[in-house]
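A short worksheet on the structure shown next.
The values are calculated or read from the model by the stated rules, or taken from the named source; none is laboratory data. Nothing here was measured: the structure is a model prediction, and the numbers come from that model. Note that each Cβ is placed from the backbone with ideal geometry, even for glycine, and that neighbours are counted across all protein chains shown.
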Amino acid sequence: MLKDDAKWPRAANWFVPDIGTKADFALIGVPANRTSISTTGANATPDAIREALLRYSLASSNGSLSALSAVDAGDVIDPDKNESKTIDKVSELASRSRLVMALGGDNSVTYATGLGSCGTRLATAGLITFDAHHDIRHGVSNGSPVRRLIDAGLNPRRIVQIGINDFSNSPAYSGDAAEFGIHVIHRDELETRALAEVMAEAFEIAGAAGGPIHVDIDVDVCDRAFVPACPAAAPGGITPHQLRKLTRLAAANHHVVSMDITEIDATADSADGRTVRLGALLVLEAAAGLLAR
């Protein structure tokens, strides 16, 4: 049991129920899992991350997150069958908050959350993904949200994919990404380049038209040793520290209007809950980035 301490406010208690007012930071659960290529319990993850937020405080090197107002809009009901509800709800939240954070769910939610926050400005929008995979398969699944956003009108030349890893994509889809003009920053580059420099490059491309940017945080970009609850994570991915820093840097940019955290299967986590706890920390890193704007 976690001990109470009046001088140690818990991050979970920072979020208040959404009642339709303006807020700096808006949280929404999108527990999709039915179209996943591999079986997943990712629908359990939004609530698991909310519970994990009890373990963390509001203190960051950027200051206390208590300086921001934060709301939790609950979960979209049956988002696999109701993508339009996700789109509408994210759009509505984006109209009255500075940053929307969607908790997946599998990676299919990136389509609805990105379209919801950028929809009316999709022609000028950009997309940044932290992911080992291109996600440009055909059809509707957790492997297709990027292609679906392109089909909806997102210019693929304003898509930046950070962390793409060897042996995690087929030659055909890698070829499609190159043909689309998607800008890829390979996982290996993150070992030799400053992350701030990487993100500056990403923003220059994704924000070239001056429109909104959605950021997809697919946690399977990390090394499998750190994220056992990510079914598609491979040995040799990036570190949690790198992903946390990338998330904070992304959220600090004024063009970023929405983010999502995906591909954590809370039902498959290790006994110490390391993957879900990372998910909770990514929520807080995003808020710390917002605080730095």
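Contact annotation: residue pairs with Cβ atoms under 6 Å, 6 or more positions apart or on different chains, pairing a residue in segment 79-99 that is acidic (Asp, Glu) with a partner that is buried (at least 21 other Cβ atoms within 10 Å of the Cβ) and in a helix (DSSP H, G or I), are GLU83/ALA112.
Name the residue, out of VAL256, VAL221, VAL198, that is modelled with pLDDT of 95 or more, within 23 Å of VAL71 (Cα to Cα) and touching a strand residue (DSSP E or B) at 6+ places or on another chain (Cβ under 7 Å). Only one candidate passes the filter, namely VAL256. Hey, among LEU2, LEU53, which residue is at pLDDT 95 or above, of a type in the set (A, V, I, L, M, F, W, C) and outside any strand (DSSP E or B)? That would be LEU53, the only listed residue that is at pLDDT 95 or above, of a type in the set (A, V, I, L, M, F, W, C) and outside any strand (DSSP E or B).
Residue count for segment 60-78 satisfying the condition of being buried (at least 16 other Cβ atoms within 10 Å of the Cβ) and either touching a residue at least 60 places away in the same chain (Cβ under 8 Å) or touching a Gly at 6+ places or on another chain (Cβ under 6 Å) (or both): 6. On the stretch given as segment 158-191, residues that are in contact with a Phe, Trp or Tyr (Cβ under 8 Å, 6 or more places away or on another chain) and either without any contact (Cβ under 8 Å) to a residue 60 or more places away in the chain or on the phi > 0 side of the Ramachandran plot (or both) total 2.
A count restricted to segment 65-78 and to residues that are touching a Pro at 6+ places or on another chain (Cβ under 8 Å), hydrophobic (A, V, I, L, M, F, W, C) and not in a strand (DSSP E or B) stands at 1. Within segment 193-208, track down each residue that is without any contact (Cβ under 8 Å) to a residue 24 or more places away in the chain and closer than 14 Å to GLY163 by Cβ. Within segment 193-208, ARG193 is the sole residue that qualifies. Per the conditions (1) buried (at least 21 other Cβ atoms within 10 Å of the Cβ); (2) charged (D, E, K, R); (3) touching a helix residue (DSSP H, G or I) at 6+ places or on another chain (Cβ under 8 Å), the sole criterion not satisfied by LYS245 is (1). Can you find a residue in segment 95-102 that is surrounded by fewer than 19 Cβ atoms within 10 Å (Cβ to Cβ), under 17 Å from ILE19 (Cα atoms) and in contact with an Asp or Glu (Cβ under 7 Å, 6 or more places away or on another chain)? There is at least one residue in segment 95-102 that is surrounded by fewer than 19 Cβ atoms within 10 Å (Cβ to Cβ), under 17 Å from ILE19 (Cα atoms) and in contact with an Asp or Glu (Cβ under 7 Å, 6 or more places away or on another chain).
Of everything listed in (1) modelled with pLDDT under 95; (2) more than 24 Å from ALA268 (Cα to Cα), the single unmet condition for ALA73 is (1). Within the bounds of segment 167-174, is there any residue that is assigned to a helix (DSSP H, G or I) and touching a Gly at 6+ places or on another chain (Cβ under 6 Å)? No, segment 167-174 contains no residue that is assigned to a helix (DSSP H, G or I) and touching a Gly at 6+ places or on another chain (Cβ under 6 Å).
Would segment 18-30 turn up any residue that is of a type in the set (Val, Ile, Thr) and assigned to a strand (DSSP E or B)? Looking for residues that are of a type in the set (Val, Ile, Thr) and assigned to a strand (DSSP E or B), one finds at least one in segment 18-30, hence yes. Highlighted here are the helices (runs of 4 or more DSSP H) found entirely within segment 79-158 that include at least 1 residues which are among the charged types (D, E, K, R) and within 28 Å of ALA233 (Cβ to Cβ): 83-94, 145-152.
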